[in-house]
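Readers should treat all values here as calculations from the given coordinates under stated rules, not as data from a laboratory. Being a predicted model, the structure only gives us computed values, none of them experimental. Please note: Cβ atoms are built from the backbone with ideal geometry, for glycine as well, and neighbour counts cover all protein chains shown.
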Amino acid sequence: MPEMDELVLATVKKIMPYGAFCALDEYAGREAFVHISEVAPRWIKNIHEFLHEGQKLVAKVYHIEAEKNQIDLSLKRVTESERKAKMEGSRREKRADKLFEVAVKIAKSTKSESFAAETALTSKYGSLVDAIEAVGEKGEEALVGLKIEKGLARAIFEVASKNIKKARAEVNGILSLTSYAPNGVEVVRKILTSLPKYEGAELEILYLGAPKYQLRVVSDDFKKADKAMESAVESILSFAKETKSVAEFSRLQA
């Protein structure tokens, strides 16, 4: 059973005039319902314009009645950044599972060896996907101290190092920044150079011709990049207000 406000992956199974029944992909045998009022922010006349059977969705759990086994989902309460992060997480999990299976086959491991290895990896890293990605980035040192059969450990290292590349998430936006102060150029420069550093993310400011600038944030994680961009824009708007400058920001779609 999912939890309240949890983001889930769902597959549309049956569409009714007033909503749709969905299978919860991460909870075998569980079904949920999306009411037509929770499909989009605006009023919908024909639900088929938005949903079709077999469609994959990212939805948010907003109501649960455990005793009735009832789970209600919302699509309109999911932000674009949440949807992207959930889809990316699902893709990474599937890939990690596949790579682990390949390693098991290469090493010709037994079921008990495979189970022991997966248990050791998830125990240390929290999930199989984080474990496989850690091996891909750090190499064999990521496996040191883990009780994994030598042949399988070697296979995991080889498969991960060949297939895992450091993820690169990029968020872009256009900033318009104008100062009407006598030393306006200096004010703008100070605003753009006074931004704090963001852990796990790198901010780049590209000059497009006054008063426009492109803000680009790069990270190995979309959530980090998104959060860093939000923080940067917040700081710029705050600095602009303090210096009586005019700032506007619009995000570029990926």
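List the relative contact order of the chain as a percent without decimals, with contacts defined as Cα pairs under 8 Å and 6+ residues apart.
Numbers: 404 pairs, mean separation 34.0, N = 254.
Value for the chain: 13 percent.
According to a simple spin-label model (label point 7 Å from Cα along Cα-to-Cβ), what is the distance in nm between Glu170 and Glu118?
So the two model labels end up 3.6 nm from each other.
Can you give the translational diffusion coefficient of segment 78-163 in µm²/s, computed by Stokes-Einstein from the Kirkwood radius over Cα pairs at 37 °C and 0.692 mPa s? Display every interim value, and only then the final one.
Details: Rh = 13.1 Å.
Approximately 250 µm²/s, per Stokes-Einstein.
Relative contact order (percent) for segment 7-78, with alpha-carbon contacts under 8 angstrom and 6 or more residues of separation? Spell out each step's value before the answer.
Working: 151 pairs, mean separation 25.1, N = 72.
Relative contact order of segment 7-78: 35 percent.
Given points 7 Å out from each Cα along the Cα-Cβ axis, report the Asp221 to Thr79 separation in nanometres with one decimal.
Placing both labels 7 Å along Cα→Cβ, they lie 1.6 nm apart.
Charges at C-beta only: +1 for Lys and Arg, -1 for Asp and Glu. How large is the resulting dipole of segment 1-143 about its Cα centre, in Debye rounded to 20? Write out the running numbers ahead of the final one.
Numbers: 23 positive and 25 negative charges, 105 e Å.
It comes to approximately 500 debye.
So which residue, out of Ala116, Ala169, Ala85, gets the largest mean-square fluctuation from a GNM of the chain using Cα contacts under 10 Å as springs?
Sorting by GNM fluctuation, first place goes to Ala116.
For the residue pair Met87 and Asp130, what label-to-label distance in nm results when each label sits 7 Å from Cα along the Cα-to-beta-carbon direction?
According to this spin-label approximation, the distance is 2.5 nm.
What is segment 115-246's relative contact order, in percent, from Cα pairs under 8 angstrom and six or more apart in sequence?
On the way: 166 pairs, mean separation 30.4, N = 132.
After rounding, I find 23 percent.
Dipole size in debye (nearest 20) for segment 169-252 around its Cα centre, Lys and Arg Cβ +1, Asp and Glu Cβ -1?
On the way: 11 positive and 12 negative charges, 59 e Å.
That gives segment 169-252 a dipole magnitude of about 280 debye.
Rounded to whole Å, give me the distance from the Cα center of segment 13-54 to that of segment 81-158.
Result: 34 Å between the Cα centres.
State whether the chain is rounded, prolate or oblate according to the following rule on the C-alpha gyration tensor (a ≥ b ≥ c being the square roots of its eigenvalues): a/c under 1.5 gives rounded; otherwise a/b larger than b/c gives prolate, and the remaining case gives oblate.
Details: a/c = 2.96, a/b = 1.27, b/c = 2.33.
In terms of gyration-tensor shape, oblate.
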